[in-house]
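The values are calculated or read from the model by the stated rules, or taken from the named source; none is laboratory data. All values reported here derive from a predicted model rather than from experimental measurement. Methodologically, a virtual Cβ is constructed for each residue, glycine included, from the backbone with ideal geometry; neighbour enumeration extends over all protein chains shown. Side chains are part of the model used for accessible areas, which takes the heavy atoms of the whole protein and leaves out ligands, DNA and RNA. Shrake-Rupley method; radii C 1.70, N 1.55, O 1.52, S 1.80 Å.
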Amino acid sequence: MIAKQTAWFVPSRPDVPTRQRPYLAAPSDACHAEAICAFLPCFPLVFCAPRLPAPLVTSLLRRHMNALRWADARRKAPPNSFQQCHGLSAMLLPKREAAAVAAAALALFLLCSLPSPASAFIRIHDMRFVDADCREWAFVGANTWRMLEAQSGMIGVEVNGKNPATNLLDTAASLNISVLRVFATGVTPELPLQTKPGVYNEVALKALDTILAEASARGLRLVLILSRNWGGPDSRAMYASWNGLPSPDDFYTSEAARADFKGHLSFMVGRVNTVNGRTYRDDPTIFSWNLMNEPRYFLNGTQDPCATDPTSCAAKLQNWIAEMSAFLKQEDPNHLVTVGEEGFFGKNSSYAGNNPQPSSDWSYATGQDFVPNHNIPTIDYGGIHIWPDNWNVSTDFISSWIAAHMKAATEMKKPLVVEEFGKNVTDQDPATIERERNPTFKTVAGALVSSLQSGGPLRGIKYWMWDPALVDKSSPGWSNYSQDQVFPSSSTMQTIIYPTAQLAAKYRLTQVPGCTPQAAPATPTLPAKAAGPAPAVTAASDGGSTGGRKLLREEGAA
């Protein structure tokens, strides 16, 4: 037991006056103390050197070597020079120095306890998502909304003393919500990412840079959506407008619009992050790319071309998916790619009877056909969406919808993700949430748990939604978006999402047999001034907000 004084131990220094060097009471304690002070700096190096800054690692190593040298000098000193303990001795630090060392040690242990930054690309082996060490990457994730707007300071207020987007990332990491689907676009007219072909808004881009860097520091992965279907900034309607096309539906077949979109793909994968110096194509924080959020044709009535000839529209959309995914893989061979669609089956599909409202043809008229859309080499995994409010379906339908896609994914030998599922509530009070939302979330979460336990293809789910700017009824956009918001304090999170996320995280401790570990990419050195795109310009005037993420099919479609 150390007598009357508590402090952190370090090797004593003969150049410090004796009155500043109070010795330990017992030789055995001195021995243990000197051993500790010689090896304590080594512990952070052993357990978390890969996630510590290089200068800190160097400093720790130097401190450790100095401690060993001094211990060796003590051992060789004359017998009466110092208090002895098997050739070793130690001293206590003065209080001020002890406090500083204690604070530094605490900081190191806190650093060690943080999630590891993303270190290598997520890939697929044997219908499983795997990380660099071949550990399975099963997950529960979330769809975010207005992340760029919040990060840029355009909307929202500080939460817990932090930018609302940063607070969301912190909360997600604490809840094991390990994959976030993020619109790498503007979602409000005031913050477009691209204002015309090749002209970019640096404010929006720097917001995305920051989100990627902050997510990496927390061990989170992001699915980035490259374009939007439902109008507004960075949507296919904008590409149609820029090229003078009569309809957004012409985007898929217009040579000029497709060339503009390819230019955007090249720009995005080649973007150099202004925060950490990483080129997007080289950033393992990106879990995957979505070509578009819900690419489809609009249904304007029973005489719509896609209603009268759905197979023709399906062929056009299929060609677009194949062309753009092949181009994206050529530009960025490191990351996974998927479509981003709802997952409707085509008219001639053997699974067509599993569509919502199968007695109607509206799902065929979207042009989607889940199996052909995903069963090409440049699409890595299947993704589906579930919208019971818009489709007017029950939880029984949700179970059969997931089961049909799991069967199709197994036949394609690809993993499956429920990329969006949500359920509106009429109020955020606990009773309403339990009655209106939780049955849907329990059904989807239960399907994931069952698939993980049985080795099925469903390996991840992402709920809708999480808007960082929504805090209470005074928050901007509350009346438009609060019906979709899942608050961390809600029973949906506490009793369904969080427990399922904890279970999924346990699978990340398991190595997938037959998988070969992957070397981590080199960490870049941030240049003095990273090359950036064109300066920020004014927001696009055409297009508008979708007024929330609610419309999945045109009003009046049967």
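Observations on the structure shown:
- Residue list for segment 376-392, given a label point 7 angstrom along the Cα-to-Cβ vector of GLU331 and an amide N cut-off under 18 Å: 378-380
- Taking the protein heavy atoms of segment 370-442 in the context of the full set of protein chains, the accessible area attributed to carbon and sulfur is 54 percent at 1.4 Å.
- Taking amide H as placed 1.01 Å from N in the peptide plane, LEU458 has its amide H under 5 Å from the amide H of LEU416, each at least 5 places away in sequence or on another chain.
- Take each peptide in 408-414, 218-224, 241-247, 355-361, count the other Cβ atoms within 10 Å of every residue, and average; sorted highest first, the result is 218-224, 408-414, 355-361, 241-247.
- Accessible surface, segment 385-427, averaged per residue in Å² (probe 1.4 Å): 35 Å²
- Probe 1.4 Å - accessible area at LEU336, Å² to nearest ten: 10 Å²
- Packing-based ranking, highest mean first, of 166-178, 284-296 given that Cβ atoms within 10 Å are counted: 284-296, 166-178
- To put it simply, the accessible area of segment 134-221 at a 1.4 Å probe is 48 percent carbon and sulfur.
- Nearest-0.05 FRET efficiency for GLU202 and ALA259, computed from C-beta distance (R0 22 Å): 0.40
- Euclidean distance between Cα centres, segment 137-215 to segment 490-521, Å: 23 Å
- Given their separation in residues at 0.36 nm each and the Cα-Cα distance between them, GLN502 and ALA352 gain 50.5 nm when the chain is fully extended.
- Solvent-accessible area, 1.4 Å probe, carbon plus sulfur percent, for segment 225-303: 50 percent
- Listed peptides 138-145, 511-518, 184-191, 345-352 appear in the order 138-145, 184-191, 345-352, 511-518 once ranked by packing, highest mean of other Cβ atoms within 10 Å at the front.
- Charge tally in the Cβ shell below 14 Å around LEU148, where Lys, Arg are +1 and Asp, Glu are -1, LEU148 excluded: -2
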